[in-house]
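Student: Please see the structure below; I have some questions.
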Amino acid sequence: MAEPPPTLLQKVLTVDTKFSHYLHSNFHTRLPIFFLLILEISADFRFSFPISLSLLFALPLPSLLPFFSSLLFGLLLDIATVGLVKILLRRPRPPYNHLSSMSTPVSADHFSFPSGHSSRVSFVAALVFLYKEVMEVAAVEVREKGGVFGSWVGEDGKLVDVVVVGVCVWAVVTAVSRVLLGRHYFFDVFAGFCLGVIEGVFAFRVLRFEDILRFCSVQRSMKFKQREP
């Protein structure tokens, strides 16, 4: 009895597997391994979420509260969405992925689709792009306050443009590195990147809970004042 012809999904996965292996085999040595691992760490939720939370308190600018609200709650949405999809679809990671050099704190991290690092970096890049005008207002506030940070901003406001371009480049390079490092197939990365952009737009339009962050910031300031002699 003849075997049934492969489905469209099976054909796509076969092409994806071969193309991903080609990219990994021919290009993963073009970049230093430590550079790829640094990109991996920079997009890890255990790194990005605490850093984002620290920036919220390090940059107490009211104009940035909408951005940080969308960022923090969006990161939580992203890790929940990616984890759920991974558990439901359970696509194995590439066989040439070295698990010994990879941290898998939860069971969902053993699965490949979609790429959580790719969704996270594209989410951050989309959000930074969408909040560009807000960041320009914050840059004016910093410049008016003066000091060291005020001198960094400059008068022409190009620092915000540099930040936006830099974050977008970081997002693309990090996403590509997931295939080169052998962590994911190309389609995992592509799907994760698209998911992150969608999450960025959703967070920009819906996840605007700056009142919660403002309340937390006020409570934190009050506690520090109470500790002062």
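Student: Peptides 119-131, 5-17: what's the order by average Cβ count within 10 Å, highest mean first?
Tutor: 119-131, 5-17
Student: What's the FRET efficiency of Asn26 with Val169 using the Cβ-Cβ distance as r and R₀ = 22 Å, to the nearest 0.05?
Tutor: The computed FRET efficiency comes out at 0.45.
Student: If you don't mind, another one. Going by average Cβ neighbours within 10 Å, how do the peptides 24-36, 191-203, 77-89 rank, with the highest at the top?
Tutor: Highest-to-lowest ranking by the protection proxy: 191-203, 77-89, 24-36.
Student: Give me the accessible area per residue for the range 15-132, probe 1.4 Å, as a whole number in Å².
Tutor: Heavy-atom SASA per residue in the range 15-132 reads 50 Å².
Student: Students often check this: by mean Cβ neighbours within 10 Å, which of 45-54, 164-173 ranks highest, and how do the rest follow?
Tutor: 164-173, 45-54
Student: What is the ratio of the Cα radius of gyration of the range 8-58 to 2.2 N^0.38 Å, where N is its residue count, to two decimals?
Tutor: For the range 8-58, the normalised Cα radius of gyration is 1.74.
Student: Full-extension gain between Ala58 and Ile87, please, as 0.36 nm times their residue separation minus the C-alpha to C-alpha distance.
Tutor: The span from Ala58 to Ile87 would gain 6.8 nm if fully extended.
The values are calculated or read from the model by the stated rules, or taken from the named source; none is laboratory data. A quick note: this is a predicted structure, and the numbers were derived from the prediction, not measured. So basically every Cβ, Gly included, is an ideal-geometry build from the backbone, and we count neighbours across all protein chains shown. Heads up: the accessible areas ignore ligands, DNA and RNA and are worked out on the full protein's heavy atoms, side chains in. Shrake-Rupley method; radii C 1.70, N 1.55, O 1.52, S 1.80 Å.
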